[in-house]
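In what follows, a structure is listed as structure tokens, so that the remarks can point back to it.
The values are calculated or read from the model by the stated rules, or taken from the named source; none is laboratory data. Note that the structure is a prediction, hence the values are computed from the model and not measured. Here the Cβ positions follow ideal geometry from the backbone for every residue, glycine too, while neighbour counts run over all protein chains shown. Surface areas here come from the heavy atoms of the whole protein model, side chains and all, with no ligands, DNA or RNA. Shrake-Rupley method; radii C 1.70, N 1.55, O 1.52, S 1.80 Å.
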Amino acid sequence: MRKKIVAGNWKMNKTRVEVDAFFDQLLNSNYDGEAELIICPPSIYLNGLPQKSASKNIGVGAQNCHYESFGAYTGEVSSDMLKELDVKYCILGHSERRTYFNESDEEIGKKVSSVLNSGVIPIFCCGEKLDERQSDIHFQVVEEQLSEALFSLDPDEMLKVIIAYEPIWAIGTGVTASPNQAQEMHAHIRKLISNQFGNDLADKISILYGGSCKPDNASELFSCKDIDGGLIGGASLETDSFLAIANSF
Ligand code: PEP
């Protein structure tokens, strides 16, 4: 059985007071669903959160990190620093990082190796732009993203990776991929992993869907064979909608 996961990407949102209020509500919610919950707040709020949420088994993740362990990289945070705070996960290759910070597949690949070396689990994002889907090259685009950033990993490293398929045209737009479109891409991703690493390994990788996933569309998406949960942006900012999505399994 693959792990079911619902992860929240808060991006650059929330104040300290709002972070505490969210976690207090979440920790008092008696959630006992089958999906593991992960929250990825802005890095400045990470300190202390893994300890606070450990009793309820809620994972805490960063949204990015640098691939070097330390050095003259003003404004950056390394995966070793995340590990020191007991941060378990790190989102890498989010389309906003690719677009606004010009992150290439090569750089994202270095980040994946770096977080794995530090003992942090990467949540690797991939997905095509609208014009790439309209030109019918979306499968090829995602294949390139995966093969450049992940396919030189050792199988035991690959086994630790969580993948999030996030079609860029669906992120923050209110337009969701249809369950068929999402399932088709998830199956494609699993097939690519299988070709590279074998069927057994591919079967064990959790592939999350992201892009305007909400309480009213989550259960249809999560019922698809190759969709193992979601990476949630806007709807992860409120405890009620985040938990409603998590309870959609
Ligand atoms: C995201 O940015 O990872 C995301 C899925 O955002 P939203 O749910 O708001 O579309």
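Out of all the residues in region 113-120, is one or more at pLDDT 95 or above, buried (at least 18 other Cβ atoms within 10 Å of the Cβ) and not in a helix (DSSP H, G or I)? Yes, because at least one residue in region 113-120 is at pLDDT 95 or above, buried (at least 18 other Cβ atoms within 10 Å of the Cβ) and not in a helix (DSSP H, G or I).
The single residue among Gly75, Gly71, Gly59 that is of a type in the set (Gly, Ala, Ser), in contact with a Lys or Arg (Cβ under 8 Å, 6 or more places away or on another chain) and either loosely packed, with under 13 Cβ neighbours inside 10 Å or within 17 Å of Phe124 (Cβ to Cβ) (or both) turns out to be Gly59. The residues in region 11-28 that are surrounded by 13 or more Cβ atoms within 10 Å (Cβ to Cβ), farther than 25 Å from Arg97 by Cβ and free of Cβ contacts under 8 Å to residues at least 24 places away in the same chain can be counted, and the count is 2.
Screening the candidates Cys213, Cys224 for the property of being in a loop (DSSP other than H, G, I, E, B), of a type outside the set (D, E, K, R) and within 17 Å of the chain's Cα centre (by Cα) yields one hit, Cys213. Scanning region 29-56 for residues that are assigned to a loop (DSSP other than H, G, I, E, B), open to solvent by less than 20 Å² (accessible area, probe 1.4 Å) and in contact (Cβ under 8 Å) with a residue 40 or more places away in the chain yields Ala35, Leu46.
Quick check on region 155-172. Is at least one of its residues over 19 Å from Gly229 (Cα atoms), away from the ligand (no atom under 15 Å from the Cβ), modelled with pLDDT of 95 or more and surrounded by 15 or more Cβ atoms within 10 Å (Cβ to Cβ)? Yes: region 155-172 contains one or more residues that are over 19 Å from Gly229 (Cα atoms), away from the ligand (no atom under 15 Å from the Cβ), modelled with pLDDT of 95 or more and surrounded by 15 or more Cβ atoms within 10 Å (Cβ to Cβ). Do we have Glu144 as open to solvent by 40 Å² or more (accessible area, probe 1.4 Å) and free of Cβ contacts under 8 Å to residues at least 12 places away in the same chain here? So Glu144 does not fit the description; no.
Here Leu26 meets the list (1) closer than 24 Å to Ala246 by Cα; (2) part of a loop (DSSP other than H, G, I, E, B) almost entirely, failing just condition (2). Scan region 238-249 and tell me whether some residue there is within 21 Å of Gly8 (Cβ to Cβ), part of a helix (DSSP H, G or I), within 16 Å of the ligand (Cβ to nearest atom) and of a type in the set (S, T, N, Q). Looking for residues that are within 21 Å of Gly8 (Cβ to Cβ), part of a helix (DSSP H, G or I), within 16 Å of the ligand (Cβ to nearest atom) and of a type in the set (S, T, N, Q), one finds at least one in region 238-249, hence yes.
Counting only residues that are in contact with a Ser or Thr (Cβ under 6 Å, 6 or more places away or on another chain) and not in a helix (DSSP H, G or I), region 71-88 holds 2 of them.
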